Amino acid sequence: MVVNWIIFSLYIVVYVVTAFVIIMDKKEPVKTLAWLLLLFLLPIIGCILYFFFGQDTRRRKSTNKYRAIDLYKSVEKRFMEQDRHDYPVKYAELIRMFVNQNHAYPFTHNEIEIYESGRPFFDAFLSAIDTAESHIHLEFFIFLDDEIGNRVADHIIQKAQEGVEVRVLYDDVACWNVKNRFWERMREGGVDVRSFMPVRYPGLTSKINYRNHRKIAVIDGKVAFMGGMNIADRYIKGTKEQSWRDTNIKISGRSVYGLQKVFIGDWYFMDKTLLSGDKYYPKMEFADDSLADNLIQIASSSAASRWPDIEQGYVRIINNAKKYIYIETPYFIPTQPVLFALQTAALGGIDVRVMVPKKCDNFLVNNASRSFFPDILKAGAKVYLYDRKVFNHSKVLICDDELATVGSVNIDSRSFETSMEVQAFIYSEDIVSRFRDMFENDMKRCTQFDINKNQKRSIVIRFWESVVRMLSPLL
């Protein structure tokens, strides 16, 4: 009996202390309530999940040093000067906002190639690696020890042995199942490899929740790749359940400087080595001055950011839309500001279309996403479900034939507030028209979500979706 009372007392203490910590963490009220609800319904599981995933460590030393001002000062001056300062009037405030938030400068003179599947992307990616003369910088959330992973490893090892500087940064948690021998093979071949924020007990709780979700490749400071694709076979071969659809871009031009800056900041964070010198920001000459109209801004965000940079950018874009907003996202669990902006735009007569996979790769997220559909449908937006046989992993937003954004950001709180992300904001009617064509082609493989049929579904299913929705800030 005494032992039972001791256990019960310890349980109450842990419960009360965890609840106190959750409240004092001063998260958004909806997140605080979600954690408290989880703690109430599943006390032990709630405590464990908060211990690992809920703590806000953005003000701790481990994340604050990520904002090293000296780093920014030393690398900015290499690309501060621009030939063009007359930013598009409609997006001048958006551009200035990104500049003020995280020194994300816009760049003129860019060419873009769009890849809608893995095979053409990896062909172009490997071809660019083979042309490298100075350096190769790779930063990927997932880098697997599979067929395509080993092909990439072979190519960069070859370049390292030719004297090219090769650096690889991968996310430690996302690559937990990759054997160390895979990384050692690259190191022995001359490749400098680092894992981002390695998670080892007892440092587990302060690091596991803050992951590097970026996908960046920079070749010689002149060519770069970014988007939603990681280095893994599934982007070419799919999985047993589904084939894979994703969007990546190749950038040739001055906005490569922006991606270089992001990589150098992340490398400095992990390696404490500041990469500097003209070779990382080479001077570029352009015979075709029409490329001056292709303005691109590279924005990044992380848990260490003072503001939710990219989320604020999305809200501003949606609020300023005059004709349409088209979104492709694998996970649609919008934060309250984004949801409210979409509803407001749709109610104002803006053509709001959201495209998501008919079958998501995450059961809970799939159900949570569907609980948000009625919220925007009732306001006049449209939801399209992509072919069930294909998982559409694209992360694209298109607005008014004048702006498109593509990168690693999902429409969920984890992408907007917790993970390290990077997104290209493209201000060019010519390039945006190509993204719009891509979206319209994707619509041919979609079925439109019918809100009336949704209401006729089993009340058990709709209730379950509503339950999962309450936990959406934690997903």
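The values are calculated or read from the model by the stated rules, or taken from the named source; none is laboratory data. Given the structure is predicted, the values throughout are model-derived calculations rather than measurements. Glycine gets a Cβ as well: all are built from the backbone with ideal geometry, and neighbour counts include every protein chain shown. Heavy atoms of the whole protein, side chains included, go into the accessibility calculation; ligands, DNA and RNA do not. Shrake-Rupley method; radii C 1.70, N 1.55, O 1.52, S 1.80 Å.
Applying the Karplus relation 6.51 cos²θ - 1.76 cosθ + 1.60 with θ = phi - 60° to segment 178-188 yields 3J(HN,Hα) values of 8, 5, 4, 4, 5, 6, 5, 4, 5, 4, 5 Hz, where x marks Gly and Pro.
By the Stokes-Einstein formula, at 0.692 mPa s and 37 °C, segment 145-269 with its Kirkwood radius over alpha-carbon pairs has D equal to 206 µm²/s. The heavy atoms of Glu184 offer some 70 square angstrom of accessible surface to a 1.4 angstrom probe.
Gly190: net charge of surrounding residues, Cβ under 10 Å, Lys/Arg +1, Asp/Glu -1, itself excluded?
Numbers: positive: Lys159, Arg187; negative: Glu162, Glu165, Glu188, Asp192.
Local charge sum for Gly190: -2.
Across segment 225-379, C-alpha contacts under 8 Å between residues 6 or more apart give a mean separation that, scaled by the residue count, equals a relative contact order of 15 percent. Shape call for segment 374-413 from the C-alpha gyration tensor, a ≥ b ≥ c root eigenvalues: rounded (a/c under 1.5), prolate (a/b greater than b/c) or oblate? Note, shape of segment 374-413 comes out oblate. For Glu139, Glu402, Glu417, the ranking by accessible surface with the largest value first comes to Glu402, Glu417, Glu139, using a 1.4 Å probe. Model label sites at Phe340 and Glu133, defined 7 Å from Cα along the beta-carbon direction, differ in position by 5.3 nm.
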